Every structure is written in structure tokens, then in C-alpha cells.
Amino acid sequence: MINVDFQYLGKDIDFASFEQKVMEIDNAINERTGAGADYLGWADYPLHYDKEEFARIAEDAKYVRENFDILVVCGIGGSYLGARAAIEALNGLFPDNKVQIIYLGQTVASNYLAQTLAYLKGKRFAVNVISKSGTTTETAVSFRLLRDMLVEQLGQEEASKAIFATTDANKGALLELCKKYGYKRYVLPSDIGGRYSVFTAVGLFPLAVAGIDIAAFMNGMLIGRERYGSHAMNDCYKYAVARHVLYKEYHYSVEMLVAYEPNFVQLGEWWKQLFGESEGKDGTGLLPDAATFTTDLHSLGQYIQEGSPVLFETVLCIEKPENDISIPHDNDNLDGLNYLEGKTLDFVQKKAMMGTLAAHSETGGVPNIVLHLDQLNPTTLGELMYFFMRACAMSAYLNGVNPFNQPGVEVYKKNMFHLLGKPGH
Ligand code: PA5
């Protein structure tokens, strides 16, 4: 259960005055009316996802775990951020998963690609290429290089058994490649956009290969659907209303997602894309930013405390960490730390959080919203990601924009294609 805590907000929010508007939008989400309604497939996805495909994903992931040492997840934006966010949040940065998960297709940076390909050379690796359109340059270029390497190492037939594709069911360049070479394939439903797709095969296949319980993750989404699509001013909608009021009435322009855990850096990246692409249009929208405390208190902390009053914080608090460590005794005590002897790192972390909340909200006047999660596991993470997706759709509709398009992303592509001399551009 996600508990939204407004005690550090320092601003009045009249939630009751938003009740009717929120219920209208909730209805528009559930009834699939309103701007971008063709892309609302994610909202009820946990109620009627493809169980046959789900079973195939679990089976194929088992095959990858038994036959390969590395899975390369090849995608960009919504076609990779959710999987990476969930895998790193749950497995950490030094996981003991048998199969290493690495990421390609999210860049055309030559150093990164050259180094990654050199690392893969001669190793037993499989590829999960994820692209709805199949024509995204970063992903397509990386996939071509990966395919060539697999064919060179294994021959065409075995290479095809090492490639797993997630794409549109009916169209696109990647679908044509799947048909020609017989890759196993999963569907990115046409009514779900990339940044809302983590609960589809886009997220599920990499998560399953990473050894994560995908049934529990889906169950978290279902719990989220029940709690936050509930025809009431629930905590998710209160969060959406609070950030809307901070933006529109109090004129804050940046929301900083704060987590006290380096394993959540990619969750911040996923969250930034979700809110940035959904809300940032028509000359409007909060800028989503993310930070890791206490680390960034030693870099951004000064700005947050005393810089331009442009931002508010949304803080993720995990009540009970999966692992904890006690601080040992030291006879010399030259570092002066014996006063913490026997205390756990989480104890220290929570005191740092309490001190920071007071410093930022009371002394610095920075509004803080705290999202409490009892613990982090596949189910609670699934609930949290659904919470953010639902809150994001609500927020964008409150701002009067379509949450599901991203017309601005096309501008750089158009220019780049022209400069590259792509036929027809
Ligand atoms: O959220 C989005 O729509 C984008 O981030 C896309 O997912 C991203 O551009 C990748 O597109 P595609 O899956 O077509 O390669």
C-alpha cells in the first residue's frame, strides 16, 4: 500500500474542490474517452492481458537462463526504461542473477557501442530487441550490429534462436525481420504507448530473464488498478492534484523525485520519461527531475535548500529495506563513530531523511510530498509503477494536454533523417 504523506507540503491544497473534475477524468480513463484514448490500453491491462503469451514469456525466459550468460536488452525510451528501472530496483547493481542483463539500442554513441560489442564478443549472449515501430534509429543500428555478431559467432539458424523480439502485432520493420528469420516474438499492444508498457512483454521478458517473479509484478499492477482506478479521490489522485496545484497555483516549475537508494536511479529515469513525455507539451508542464539522497545532498542539496524557489520534492521512502547492516564497535574510535555502534544503516538513513525533510520544507520552504512504501518487492514495485502511470494520466488531463502523444520527439528525428540523407526526408 502506498501511503501519500502531505505533512511536509507547507501549502494548502483544497482537494475537495477538485473532486468533480477528478471523477470526470477518472471516468474518461476508464471509459476510454478524452484525448489520446486510443492509447489507454494500459489502464485495464492487468484485467485482461494475454495469459498464453505470459506463459510463453516465462517459458522462453527459462530457456534463456539455461542457455545463455548474458541478455542484451535492445531498445530506447519506453521500450527499455521500465525494464531497466524494475530490474535495477529489485536486483540491485551487483545482482547474483545467473544471466547478466546489459543494455544497448538506447544510444548511437560510438565508444559505448564499440566497448559493449567488444565485451560481448565470444560470449554466450541472447538479444531481446524491443521496438514498436521497428525503425527507431538507435535501436535498429544496434540490433543490426548485434545480429551480425550473432550470425558470425553461431551461424544464421542458431543466431535466430538467440533473438527474441517485442514489437507491434501487425506492422513494422521488426515484424518483417521476425517473419523472415523466425525469431520468437511478443506483442507490444497497439493501444499502449512505450512509456506505459512496462507491464507488457516489453518489461516482462527482461524481468523474467533477470529472475524476477513476473506474476507477482503483474499482481502489483492489479492491486494498483483496484486501489487507484477506484472512482474516488484516492491517494494517487491526491498526489496528481497536489502536483497540479503546486504547478498552477504556486508556480513551481520542477518536480524532483528523490530516492534514498542508488538502485533507484533508473526508476528516476523511467519516471522522468513518463511525466516528461506525457505532460511536457503545448508550452506547459512541470519539468521532472530526479535525485539520489543522501549522495546528491552533497551536490544539489545547497541549491534545493537555498537556490531559486522553483522546485518541490516527491520523496520515496521504503520503510523496511531488504538488507541492513549494523555499524561495528572500534576500540580506537578515532573516527568518532562509536556513538552509532550497533545502530543500523537504515536507522542512520531514516534520521538523514527526517533531518532533510525538516531542512528542506521547514527551513528552506521547499514543499515535500512523501510516498511511503512498506517494503520493496515485485508486487509493491508493480503497484508503485501503476500508481505513477495513473497519476501521470490524471495530471496531464488536469493540465488539459493529451498524456499519450509525443509530437515534439519527432522534430529532432526529422532533422536528423534529413541530415543523414534518409530516403524520403
Ligand atoms: O514512449 C515512447 O513512445 C517512446 O519513448 C518510444 O517508446 C521510443 O521512442 C521507442 O520507440 P519504438 O518502440 O518504436 O522503437
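The values are calculated or read from the model by the stated rules, or taken from the named source; none is laboratory data. Please read these numbers as outputs of a predicted model, since none were measured by experiment. Don't worry about glycine lacking a Cβ; one is built from the backbone with ideal geometry, like all the others, and counts go over all protein chains shown. For accessibility, only protein heavy atoms count, side chains too; no ligands or nucleic acids. Shrake-Rupley method; radii C 1.70, N 1.55, O 1.52, S 1.80 Å.
Laid out as a table, the results:
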quantity: Share, in percent, of DSSP beta bridges within the chain that are antiparallel, nearest 5; calculated: 15
quantity: At R0 = 45 Å, FRET efficiency that the Cβ-Cβ distance of Ser326 and Val254 yields, to 0.05; calculated: 0.75
quantity: 0 to 90° range, to nearest 10: angle between helix 345-357 axis and the chain longest Cα axis; calculated: 60
quantity: Amide N proximity, segment 240-265 versus Thr284 label position 7 Å along Cα-to-Cβ, cut-off under 20 Å; calculated: 240-256
quantity: Per residue value of the accessible surface for segment 31-178 (all protein chains in place, 1.4 Å probe), Å²; calculated: 45
quantity: Relative contact order of the chain, pairs being alpha-carbon contacts under 8 Å that are 6 or more residues apart, as %; calculated: 24
quantity: Carbon and sulfur %, accessible surface of the chain computed with the full protein complex present, 1.4 Å; calculated: 52
quantity: Distance histogram in 20 Å bins (all Cα pairs of the chain, percent per bin); calculated: 25, 54, 20, 1
quantity: Under 5 Å, built H, 5+ apart or other chain: amide partners of Leu287; calculated: Val254, Glu255
quantity: Charge-dipole axis of the chain as Lys and Arg at +1 and Asp and Glu at -1 on Cβ define it, positive-most pick from Asn111, Met385, Ser278; calculated: Asn111
quantity: Helix 378-398 vs. the chain, principal-axis angle (Cα, 0 to 90°, nearest 10); calculated: 80
quantity: Using a Förster distance of 51 Å, the FRET efficiency for Glu306-Tyr181 (Cβ separation, nearest 0.05); calculated: 0.30
quantity: Computed helical MRE - 222 nm, the chain, DSSP H runs ≥ 4 contributing -39500 (n - 2.57), nearest 500; calculated: -14000 deg cm²/dmol
quantity: Global geometry of segment 64-123, whether rounded, prolate or oblate, following the gyration tensor of its Cα atoms and the 1.5 cut on a/c; calculated: oblate
quantity: Cα gyration tensor category, rounded, prolate or oblate, for segment 41-212 with a/c compared to 1.5; calculated: rounded
quantity: Stokes-Einstein translational diffusion, segment 1-116 - Kirkwood Rh over all Cα pairs, 1.306 mPa s, 10 °C, in µm²/s; calculated: 84
quantity: HN-Hα J in Hz across segment 101-115 - Karplus 6.51, -1.76, 1.60, θ = phi - 60°, x for Gly and Pro; calculated: 9, 10, 10, 9, x, 9, 6, 10, 5, 5, 4, 4, 5, 4, 5
quantity: Helix 409-420 axis, angle to the chain major axis (alpha carbon atoms, nearest 10°); calculated: 40
